[in-house]
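Below you'll find the structure, written out as structure tokens, and then a few comments.
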Amino acid sequence: MEANNDVRLCSVISREAGDDPIGSATPFERCLMVEVRPPFQRNALDSRRFPERLSEVVDKAMDGGLIQKFGAFMPDREYSERGYARVLFFRRPDGSGPFASFEKDDLLVPPEDLAPVVEALLSGRGFPEEYRRGSENVRDVFVCTHNNRDVCCGKFGDPVYKELRKTCAGDGLRVWRTSHIGGHRFAPTLMDFPSGMWWGHLERGEAASLVWRDAPFSGFRNNYRGWSGFGKFAQIAEREILAEVGWKWTGFHKRGELLSVNGDDTLAEVRIEYEDPKTGNGGAYHASIEASGSVMTLGSSGDDPLEEVIQYRVGSLERV
């Protein structure tokens with residue numbers, strides 16, 4: 001990717017600096033995605049086509065911890081239905097045990113009912129079941145193309161979205177354009193659900209192979225931002241395990257625990273438990289994470305000064 005001479009592009013500077021995206025996925029238990037017609041303002045909730053009452057519901061849910069992640073996604077010529085807005089709600093399975101992927105509610109709701117239905121969904125109250133759509137076996141891939149948040153998301157995200165929409169979308173897999181998902185210095189960025197895996201610094205020509213997982217994970221090691229089921233340090237450790245075990249690891253039930261971290265976040269210990277649901281075999285890994293230096297990078301495109309960002313590596317990884 002070539003830099004634009006008129007503006008410093010954070011994604012280009014991040015790549016050139018060797019800024020590792022691992023550990024930058026947003027950890028959450030509940031994520032809400034709502035279909036909204038563009039254009040999006042820098043904050044999608046401020047967009048003129050975003051229902052005002054729904055903005056209040058989302059803000060209240062975020063403040064109250066009912067959701068930890070929110071995004072707006074654009075209608076699609078094939079997936080969307082006229083006169084309805086789609087709501088996708090991804091949540092960790094009940095309980096605190098190991099899990100492999102997030103559960104999903106897929107609703108098609110008349111715009112005038114969006115606010116009360118979303119409020120009922122998030123609070124666990126009942127809502128008209130006629131709005132529910134059965135898509136439990138459908139993957140939803142979200143590519144950030146939010147140009148009004150950062151130019152890199154549009155410049156680099158849009159070509160990747162178009163490639164995936166053309167080559168990967170079909171029965172069992174939907175590809176969406178979404179608002180800001182965080183980490184635009186890693187653009188183009190992508191969230192894959194229900195797995196909850198995040199990716200960044202993608203190239204257009206490699207994106208389809210990543211989605212289909214028809215090449216070894218090692219080829220995408222430097223694109224992996226992490227899994228939303230883990231916090232930052234467990235995400236860093238999990239990449240090493242994924243490199244060792246391969247793609248089948250994504251189907252294992254997993255639980256991560258931060259055992260310790262020092263005061264300046266330069267040394268941490270984590271434990272990751274796992275179980276293969278096909279065989280019942282399981283175990284645990286113990287990993288030490290340590291700072292491996294830092295890079296000077298750019299958080300957002302523009303004229304802001306470069307910022308120092310700590311880089312990490314796995315000092316040791318043991319199966320216990």
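The values are calculated or read from the model by the stated rules, or taken from the named source; none is laboratory data. Here the structure is a predicted model, which is why all the values come from computation and not from measurement. For neighbour counting, all protein chains shown are included, and Cβ atoms are generated from backbone atoms with ideal geometry for every residue, glycine included.
Quick rundown of the values:
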item: Any hit, segment 91-102, residues being among the acidic types (Asp, Glu) and at pLDDT 95 or above; result: no
item: Checklist (1) modelled with pLDDT of 95 or more; (2) of a type outside the set (A, V, I, L, M); (3) surrounded by fewer than 16 Cβ atoms within 10 Å (Cβ to Cβ) applied to residue 48, failing item; result: (1)
item: Strands (runs of 3 or more DSSP E) contained entirely in segment 233-320, each with at least 1 residues that are of a type in the set (Asp, Glu) and over 21 Å from residue 96 (Cα atoms); result: 282-297, 307-319
item: Residue tally, condition surrounded by fewer than 24 Cβ atoms within 10 Å (Cβ to Cβ) and modelled with pLDDT under 95, over segment 173-193; result: 3
item: So residue 241, is it crowded, with 18+ Cβ neighbours inside 10 Å, in contact (Cβ under 8 Å) with a residue 60 or more places away in the chain and β-branched (Val, Ile, Thr); result: yes
item: Boolean, residue 160 is surrounded by 19 or more Cβ atoms within 10 Å (Cβ to Cβ), farther than 19 Å from residue 175 by Cα and not aromatic (Phe, Trp, Tyr); result: no
item: Index of the failed condition, residue 203 passing every other in (1) touching a Gly at 6+ places or on another chain (Cβ under 6 Å); (2) closer than 26 Å to residue 17 by Cα; result: (1)
item: Strands (runs of 3 or more DSSP E) contained entirely in segment 127-213, each with at least 3 residues that are under 22 Å from residue 36 (Cα atoms); result: 139-144, 173-178, 190-193
item: Pick from segment 268-299, criterion surrounded by 16 or more Cβ atoms within 10 Å (Cβ to Cβ) and polar (S, T, N, Q), ranking: farthest from the chain's Cα centre (by Cα); result: 288
item: Residue list for segment 88-106, filter: part of a strand (DSSP E or B) and farther than 19 Å from residue 56 by Cβ; result: 88, 90, 91, 99, 103, 104, 105, 106
item: Residue that is surrounded by the fewest Cβ atoms within 10 Å (Cβ to Cβ), among those in segment 16-45 that are part of a helix (DSSP H, G or I) and hydrophobic (A, V, I, L, M, F, W, C); result: 17
